[in-house]
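Chemist: There's a structure below that I have some questions on.
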Amino acid sequence: MAFKMKGMKFYGDRTRKEVRKDIKEHRESLGGDKDAIKADREYQRGRKKELRGEELKRRGKTKRGQKKYDEGREITDKFR
């Protein structure tokens, strides 16, 4: 990103660093299966959009937040 988000919580109660750490640990647990890693990466992308949409709605950006949440839901529904 072009700007710094000093101290801001991007995912509600969690920082980007914490979320990335959890995703990395989960991906390592998959081993070397490339198809599983690829599917997990796509799922995490959708999940990120859902979480960000929820956070935007909580802050009052309802239109933008709902759009982002819906985009993420489309992606994650493939895996449910």
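Chemist: Only residues that are touching a residue at least 12 places away in the same chain (Cβ under 8 Å), in a helix (DSSP H, G or I) and within 11 Å of the chain's Cα centre (by Cα): list them for the range 7-40, please.
Modeler: Selection gives V19, I23.
Chemist: What number of residues within the range 22-58 are under 16 Å from Y11 (Cβ atoms) and surrounded by 11 or more Cβ atoms within 10 Å (Cβ to Cβ)?
Modeler: Residues flagged as under 16 Å from Y11 (Cβ atoms) and surrounded by 11 or more Cβ atoms within 10 Å (Cβ to Cβ) within the range 22-58 amount to 19.
A short reminder: the numbers here are calculations on the coordinates, not readings from a lab. These figures come from a predicted structure and were not determined experimentally. Because the Cβ atoms are built from the backbone with ideal geometry, glycine has one as well, and the counts that use them run over all protein chains shown.
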